[in-house]
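Step one of this worksheet: look at the structure below.
The values are calculated or read from the model by the stated rules, or taken from the named source; none is laboratory data. Keep in mind the model is a prediction, meaning the values are calculated, not measured. Cβ coordinates were reconstructed from backbone atoms using ideal geometry, including for glycine residues, and neighbour counts include every protein chain displayed.
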Amino acid sequence: MIDLFLLAVVAVVTWCVASEGAWGAAWTFLSVLFAGLLAMNYFEPLAETIQSTLALGGAWNNRLDFLAMMLLFIGFIFAFRIGSEQIMPILIDVHPLAFDGVRWVAAGATGYLTMAILLTALHTAPMPRTFMGFTPERNNFIGMSAPDRQWLGFVQYVTEKSFRKGVNGPIFDGSTALFSDGKKKILPTFIIRYATRRGMGSLAAVEDLTPTPAAPSGGGGVPAQF
């Protein structure tokens with residue numbers, strides 16, 4: 001089921017973005033890329049801020065990460081698209097030989113990138129550990145690739161390298177571990193952390209739905225005396 005959903009996302013996004021032409025498709029790809037990076041880096045602080053400010057209760061705590069990521073992702077996309085239209089309000093002519101190639105390549109990349117970000121967001125969703133064929137350990141895109149892990153690896157790389165402030169600046173995910181050979185390595189925990197949380201949430205739901213055993217009654221149809 002999840003495979004068909006991801007295929008549909010890629011197909012629909014690719015078709016819609018390709019209809020914007022070469023320049024529009026290129027701008028949309030960059031908008032999705034930067035919106036995804038910003039959403040990934042700020043959704044957890046936003047969720048914590050909402051939780052501490054509004055005090056919605058424990059039932060909402062597991063929903064806030066997913067809602068914060070989606071709100072930031074969609075909001076940043078709209079902001080970048082509006083900004084790009086202000087920067088370049090008039091489309092620039094593209095050579096006919098390059099027009100179709102650029103728009104379809106950019107549209108396909110946008111479709112795959114959008115699908116990878118949405119698949120990553122599903123890790124934070126308030127769902128069971130596995131649902132609709134979604135499993136954190138497997139290649140969820142028709143068994144051929146793991147777009148969520150590819151996207152997480154890219155986000156981790158840019159926060160460790162190009163976007164990091166200094167040697168000891170903050171990174172997106174993980175903690176530093178010292179191995180026996182004396183080398184320090186960063187161990188990301190995003191997938192494990194959220195898979196564990198979803199698993200604990202589903203177990204709690206099962207326990208809540210488990211009926212309480214009835215009190216034993218005495219023999220001969222006479223109620224037990226306490």
### Selection status of Ala224, modelled with pLDDT under 85 and assigned to a loop (DSSP other than H, G, I, E, B)
yes
Within the range 53-74, residues in contact with a helix residue (DSSP H, G or I) (Cβ under 7 Å, 6 or more places away or on another chain) and aliphatic (A, V, I, L, M) come out as Leu64, Ala68, Met69, Met70, Leu72
Scanning the range 124-134 for residues that are surrounded by fewer than 15 Cβ atoms within 10 Å (Cβ to Cβ) and either touching a Ser or Thr at 6+ places or on another chain (Cβ under 7 Å) or farther than 19 Å from Arg63 by Cα (or both) gives Gly133
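Residue by residue, here is whether (1) buried (at least 18 other Cβ atoms within 10 Å of the Cβ); (2) closer than 27 Å to Ile192 by Cα; (3) touching a His at 6+ places or on another chain (Cβ under 9 Å) holds:
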{"site": "Phe34", "(1), (2), (3)": "no, yes, no"}
{"site": "Tyr42", "(1), (2), (3)": "no, yes, no"}
{"site": "Leu67", "(1), (2), (3)": "yes, yes, no"}
{"site": "Leu72", "(1), (2), (3)": "yes, yes, no"}
{"site": "Pro96", "(1), (2), (3)": "no, no, no"}
{"site": "Gly101", "(1), (2), (3)": "no, no, no"}
{"site": "Val105", "(1), (2), (3)": "no, no, no"}
Going through the range 138-162 in order, the residues found to be touching a residue at least 40 places away in the same chain (Cβ under 8 Å) and part of a loop (DSSP other than H, G, I, E, B) are Asn140, Ile142, Gly143
Note on the range 13-71: residues in a helix (DSSP H, G or I) and on the phi > 0 side of the Ramachandran plot are Gly21
Being out of contact with any Pro (no Cβ under 8 Å at 6 or more places or on another chain) and at pLDDT 85 or above, is that true of even one residue in the range 156-170?
yes
